[in-house]
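Colleague: One structure, as structure tokens, below. Some questions next.
Each reported figure results from applying straightforward, stated rules to the coordinates on display, with no laboratory input. If you're wondering where the values come from, they're calculated on a predicted model, not measured in any experiment. All Cβ positions, glycine included, derive from the backbone under ideal geometry; neighbour counts span all protein chains shown.
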Amino acid sequence: MSKLIRNNAIVQDDWAVVQLASPAEETVRKQAGKVVIFKLTGEQAASAEQIAGTNIPPGGKVIVPLAVWQARKEELAPRLAAGEVGLWLETFELVEDLVASVPDLNSLPVIAVHFPRPVDGRGFTIATMLRTRFGYRNEIRAIGDVLRDQLFYMKRCGFNAYAIRADRSAEEALASLRDFSEPYQGAVDNPLPVWRRHARVAAAHAVTVGRTPASHEDEVD
Amino acid sequence: MYIYDDIDQRIVDERVAQYRDQTRRYLAGELSDDEFRPLRLQNGLYIQRHAPMLRIAIPYGLLASRQLRKLAHIARVYDRGYSHFSTRQNVQFNWPALERVPDILAELATVQMHGIQTSGSCVRNITTDQFAGVAPDEVVDARPYAEILRQWSTFHPEFAYLPRKFKIAVNGAESDRAIIQMHDIGLGFYLDEQGEVALEIWVGGGMGRTPAIGAMIRKHLPWQHALSYCEAILRVYNRYGRRDNAFKARIKILVKALGAEEFARQVEAEWAQIKDGPSTITQEELDRVASFFRNRTYETLSDDVPAFNEKLASDKAFANWVKRNVHAHKVPGYRAVTLSLKPTGTAPGDATADQMDSVAFLADRYSFGELRVSHEQNLILADVKKSDLYQLWQEAVRVGFATPNIGLLTDIICCPGGDFCSLANAKSIPIAQAIQQKFDDLDYLHDIGDLDLNISGCMNSCGHHHVGHIGVLGVDKDGSEWYQITIGGNQGNSASIGTVIGPSFAADEVPGVVEKLIETYIEQRTDEERFIDTVRRIGVAPFKEHVYGEKKEAAHV
């Protein structure tokens, strides 16, 4: 069981992440003998059989795969109304499809993004767009291969919950949210670039690094 | 040059602390090789054939003497006494110990340097014209924009894990010395009809396995929007660029797949959503950053220097050097000087610690304590008084960096190749040295004139072979090293990709092939025609014929 960081604290997770049923036939794609890990943006996440075969717990709060939600809305509608349905999407699924699948995005208490690998950067854009383009205000959770070394970037892109991989320390991961104190560029957590946050030093007042003073000169420091 | 304030310094210091902890966790077995790889790459550390290789950023090629001395110190203490200047205005150490890299980065941070994003699938070091700020044909000094872009792209949270590496180049001169058409994004700065600074945007150029000239997706963008427009391009790429196949993951493949027009349409649609937001560059911020590049106090000098003219007339060696290694300057009485890192018999782009210290001394004495690194792998003193040139030349001769071959055949661009790099198919440095030895007659070299000869040890094209007038590419066939030759490539405003002349050659044949190409040129050229002009006029066939004519049997398929 992975441990959940939410809003800078380690918390008990009361949501169950529903996994897609395994496909009947596991098709492994390979290129030059290597298994293809990443799928192309816009690829289908699941077959009709997988969607139908996905087992959703009968009670409690559930985070459901987007593809399952799209096909089984009627069955889940009462639970959504009760605030007990969240959605998760793969990094290759389109955030626009998720937005289009619910009349009110903010009726979802949580949206999770599944990272197949820590280096699949599409998840960062998904979170950014949910916050800045589509006005989503509730929890955005990182699930899958979530490690502390990507947490600072995730936070800046609008994630506020992280299911840290079960074999890693959530306590140590918490510290990584503070790796940098004053980033250069604007992002979701603070849209202002550094020059709009602070008055910065111009050349006339800068300490020199350029010329090394000759031995008889004092170094300006 | 740009000088850090407390904010810049803290970012670099915090990066060192972060990487020190990541290295500790890796060595303690808490991070797997796969988990550590992207972290070390984004700090410039590759695991290479003999040892790790550490790549240090030289933002847009600008370096202070004090920084160069620090590089010399690192070469002595942590490496084997030398370093390698690369084609991307970076510097590389080939023998650092992985455990000591955090210490190296901490030392670099004391002189405002780092290895941030010099590797990995992120926005890399931004490159520009080595003569920015001094070239007479410059319309806009693009360095302040490059610095603003550097800060914006440093740890950009959304674009730290792109499908593949991402290279941005900027140019503000009439003659494009930054090859902006061969980058993932090329920004061409100019003055529009209203006299305002504007940009043209090139996307999807690049070398590598699938060389491509970029497409211009926007002709006019006011400078204030440089960041938001790049953000729009990167967002479209981050979402739709291929991640399933590393060889097809660069933005050029996406631009090709969609078509430049459709790609541009998607970028425009994305930009429309974010335009005029907080990342719009303000005049105040531009002025602040620009102030660092303007604070030169040039003396008011006459451009007519009789003593210089006398030396020029009396000393042929000096005259040769002036002809090739001294460049025009926009301030009267000043010149820019290229120190050649291509003397015969050494690896192109290499410099020893002692040489680096000597160049730092020359920079202090003659050029405001600053220098530049060019993508041709040479060092430039950009602000030398014309009256100092003779003395500087004499000192450069003593250092070994006065070879008068800038822009000539022996000014070879060359990657580290199979001697060092684990990606390489073949060695490249010995090929460069063999060619330099074949063409060591200076008069003949000057007679051949302008010629870019570029060598890459593999398809990744670090040696820019695609845009060499003569390009040499190392290829692997059944486990042995072969070399494929292209001609007709070009960098600059009329960029082009070279054409393969035919089957590849064994290493010892390459200098002879180059000689044959030159013979064809000498025979065919008209007055004032450069090698590239002749190739463009008469085509590849006559060259091919002369090279393969007598050796059909010996040629290998």
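Colleague: For the Cα atoms of chain A, what angle does the longest principal axis make with the long axis of helix A:122-132, in degrees from 0 to 90, nearest 10?
Modeller: Once rounded, one gets 90 degrees.
Colleague: Also, quick follow-up: List the pairs from B:K342/B:K427; A:K39/B:K248; B:K330/B:K386; B:K438/B:K477; A:K39/B:K275 whose alpha-carbon separation is above 22 Å, in the order I gave them.
Modeller: Correct reply: B:K438/B:K477; A:K39/B:K275.
Colleague: Still on this model: Taking every DSSP beta bridge with both residues inside region B:413-549, roughly what % is antiparallel (nearest 5)?
Modeller: Bridges in region B:413-549 that DSSP calls antiparallel: roughly 65 percent.
Colleague: Another question, then. Under a point-charge model restricted to the Cβ atoms of Lys and Arg (+1) and Asp and Glu (-1), what is the dipole moment magnitude of the protein assembly as shown relative to its Cα centre, in debye to the nearest 20?
Modeller: 1420
Colleague: Give the cross-link partners of A:K61 among the lysines, using a straight C-alpha distance below 25 Å as the criterion and excluding same-chain residues fewer than 8 apart.
Modeller: Excluding near neighbours in sequence, the set is A:K3, A:K73, A:K155.
Colleague: I've got another one for you. Round to a whole angstrom and tell me the spacing of the C-alpha centers of region B:466-529 and region B:1-65.
Modeller: 37
Colleague: Let me check against my output: what whole-number percent is the relative contact order of chain B, with C-alpha pairs under 8 Å and at least 6 apart?
Modeller: 12
Colleague: For chain A, what's the relative contact order in percent, using C-alpha pairs closer than 8 Å and at least 6 residues apart?
Modeller: 18
Colleague: Starting from the Cα coordinates of region A:1-129, work out the convex hull volume and express it per residue in Å³.
Modeller: 137
Colleague: When the label point is put 7 Å from the Cα of B:D533 along its Cα-to-beta-carbon vector, which residues of region B:432-448 have a backbone N closer than 14 Å?
Modeller: B:448
Colleague: Could you check the simple spin-label distance between B:D137 and B:L27, using points 7 Å along Cα→Cβ, in nm with one decimal?
Modeller: Calculated label separation equals 5.0 nm.
Colleague: Using the 10 angstrom Cβ neighbour count as an exposure proxy, how do B:T282, B:T154 rank, fewest first?
Modeller: B:T282, B:T154
Colleague: Could you order peptides B:195-201, A:109-115 by the average number of other Cβ atoms within 10 Å of their residues, highest first?
Modeller: A:109-115, B:195-201
Colleague: Another question, if that's okay. Show me the three semi-axes of the equivalent ellipsoid for the protein assembly as shown, from the C-alpha gyration tensor (sqrt of 5 times each eigenvalue), largest first, rounded to whole Å.
Modeller: Its equivalent ellipsoid spans semi-axes of 48, 31, 24 Å.
Colleague: Let me ask something else. Out of region B:217-318, which trypsin sites (Lys or Arg not before Pro) are coil in DSSP terms and have no more than 16 other C-beta atoms within 10 Å?
Modeller: Sites meeting the loop and neighbour criteria: B:K275, B:R296.
Colleague: Taking every residue in B:244-251, how many Cβ atoms of other protein chains lie within 10 Å of its Cβ, on average?
Modeller: Whole-number average of other-chain Cβ neighbours for B:244-251 is 3.
Colleague: Mean separation of Cα pairs under 8 Å and 6+ residues apart, divided by the residue count of region B:1-108: what relative contact order is that in percent?
Modeller: Value for region B:1-108: 27 percent.
Colleague: Looking only at other chains, what is the average number of their beta-carbon atoms within 10 angstrom of each beta-carbon in B:232-241?
Modeller: Mean partner shielding for this stretch: 4.
Colleague: Now a separate question. Compute the separation of the alpha-carbon centres of region B:393-461 and region B:191-210 and state it in Å as a whole number.
Modeller: Cα centres, region B:393-461 to region B:191-210: 30 Å.
Colleague: Sticking with this one: Take B:D447 and B:E519, extend 7 Å from each Cα along the Cα→Cβ direction, and tell me the distance between the two endpoints in nm.
Modeller: Those two pseudo-labels are separated by 1.5 nm.
Colleague: Considering chain A as a Gaussian network with a 10 Å cut-off on Cα pairs, which listed residue, A:F92, A:F38, A:F180, attains the greatest mean-square fluctuation?
Modeller: Answer for the Gaussian network model of chain A: A:F180.
Colleague: Follow-up. As an exercise, use a Förster radius of 30 Å and the Cβ-Cβ distance of B:A260 and A:N7 to find the FRET efficiency, rounded to the nearest 0.05.
Modeller: Computed FRET efficiency for B:A260 and A:N7: 0.10.
Colleague: Answer rounded, prolate or oblate for chain B, using the Cα gyration tensor with square roots of eigenvalues a ≥ b ≥ c: rounded when a/c is under 1.5, else prolate when a/b is larger than b/c, else oblate.
Modeller: Note, shape of chain B comes out rounded.
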